[in-house]
Amino acid sequence: TQLLEQSPQFLSIQEGENLTVYCNSSSVFSSLQWYRQEPGEGPVLLVTVVTGGEVKKLKRLTFQFGDARKDSSLHITAAQPGDTGLYLCAGPNSGGSNYKLTFGKGTLLTVNP
Amino acid sequence: NAGVTQTPKFRVLKTGQSMTLLCAQDMNHEYMYWYRQDPGLGLRLIHYSVGEGTTAKGEVPDGYNVSRLKKQNFLLGLESAAPSQTSVYFCAIKRDSKLFNEQFFGPGTRLTVL
């Protein structure tokens, strides 16, 4: 069974600070995705990273896929209260079709004004 | 939510009661999923469907049944609700891509079983 471990589990910071959250596994993933879930809503896909070493930017969010494709990180620059939410990483299950995802348990981020 | 709707949004049941959660998509996606989300346990796959008329078990299928009679709808049933089924339930569809499993989620159903 492939597992995705996310750290930290909780993070509370002040507006304007930078932060990095991590998603790690002992397994190789063909791709990894990041989702953000706001309170009371469903997860929303932010990005998919595919190539080892790949870096993708989405405004103030920078996503990196590890060279060995076993880990990923999300860096937020100058965090804002609107960034508050649960950040989930997910990757396709190995073997056969990629129609099932393994999710990490998430990092709950609170950005205080 | 990419056209994924869930009904109802909230529900309170007594132990032993039954109910059906409805997930509907306004597109033509083949793959649909039911997850439950619990504190400390994350998102767990209950059942999924790879097309009309097909269903398969996920990680935590016990106590639930599903049906996909129409491509647009995926129903999740609880025949005899238990307090352990108190959770937030999410339906998701997979974007049609042979390369990636990018999923789009509905807004969720909050279920409390007393």
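All of the numbers you see were taken from the coordinates with simple rules; none came from a lab. Remember, predicted model here, so these are calculated numbers, not experimental data. Note that we place each Cβ from the backbone using ideal geometry, even for glycine, and neighbour counts take in every protein chain shown.
Size of the protein assembly as shown from its Cα atoms: along the principal axes, largest to smallest, the extents are 48, 40, 31 Å. Annotation: for a label point projected 7 angstrom from Cα along Cα→Cβ of A:Lys57, residues of region A:1-25 with backbone N closer than 16 Å are A:19.
A simple spin-label model places pseudo-atoms 7 Å from Cα toward Cβ; at B:Ala82 and B:Arg44 they are separated by 1.1 nm.
Spatial offset of region B:1-77 relative to region A:1-80 amounts to 26 Å, using the alpha carbon center of each.
Based on the convex hull around the alpha carbon atoms, region A:1-60 presents an average projected area of 5.6 nm². Among beta bridges from DSSP that stay inside chain B, the antiparallel ones total about 90%.
Measuring against 21 Å, Cα to Cα, the residue pairs A:Lys100/B:Lys57; A:Lys59/B:Lys94; A:Lys100/B:Lys98; A:Lys100/B:Lys94 contain A:Lys59/B:Lys94 as the ones spanning a longer distance.
Dividing the convex hull volume of the alpha-carbon atoms in region B:8-114 by its residue count gives 96 Å³ per residue.
Across chain A, the convex hull enclosing all Cα atoms gives 92 Å³ per residue.
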